[in-house]
Amino acid sequence: MAAARNQLEPALNDYDPERRREARERFGTDPGVSGRALLALASWFSGDLQRARQLIEEAILGRELGHIRSTIYALTYKTVIETHRNDPNSAITAATSGATLRSDAKGGRGPHSGSLMARASHPKKEIEEALR
């Protein structure tokens with residue numbers, strides 16, 4: 001995890017959304033969004049939950065970019081992190097937001113949107129029971 005963090009931190013420091021427009025369109029997600037989401041996971045696995053939550057909130061910047069697929073990608077990772085934090089309310093909120101974006105999007109299927117929608121479809125009670 002340290003190696004991943006050591007690679008992702010400098011890349012994110014140099015990130016410029018305007019320079020990455022072509023990569024965003026070519027690969028389907030914004031590199032800054034996916035980098036922050038992956039760094040959030042690496043931080044979480046390393047035990048730094050505070051940093052993981054900060055990074056995943058920053059990753060949701062896909063909304064500011066106007067890039068729905070990037071936002072869905074970030075919300076998917078937020079759903080995973082919040083689920084494993086045993087916070088069903090935050091997990092459901094993130095999953096529902098992603099599922100709504102996915103259903104409102106015209107055309108393309110965002111990365112991981114199927115798993116996000118599956119998570120969003122479970123009633124809160126079932127998620128809370130699964131987390132116990």
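The values are calculated or read from the model by the stated rules, or taken from the named source; none is laboratory data. Worth saying up front: this structure is predicted, and the values here are computed from it rather than measured. Cβ coordinates were reconstructed from backbone atoms using ideal geometry, including for glycine residues, and neighbour counts include every protein chain displayed.
Things to note:
- Segment 91-103: number of residues that are in contact (Cβ under 8 Å) with a residue 24 or more places away in the chain and surrounded by fewer than 20 Cβ atoms within 10 Å (Cβ to Cβ): 2
- Scoring A3 on the criteria (1) exposed (fewer than 15 other Cβ atoms within 10 Å of the Cβ); (2) touching a residue at least 24 places away in the same chain (Cβ under 8 Å) leaves a single failure, condition (2).
- Here A74 passes the criteria (1) under 12 Å from the mean Cα position of the chain (by Cα); (2) within 20 Å of A3 (Cα to Cα); (3) touching a residue at least 24 places away in the same chain (Cβ under 8 Å) except the one numbered (2).
- R119 falls short of the stated requirement of being of a type outside the set (F, W, Y), at pLDDT below 90 and under 30 Å from N13 (Cβ atoms).
- From the list E58, E25, E64, E9, the lone residue that is among the charged types (D, E, K, R) and within 11 Å of the chain's Cα centre (by Cα) is E58.
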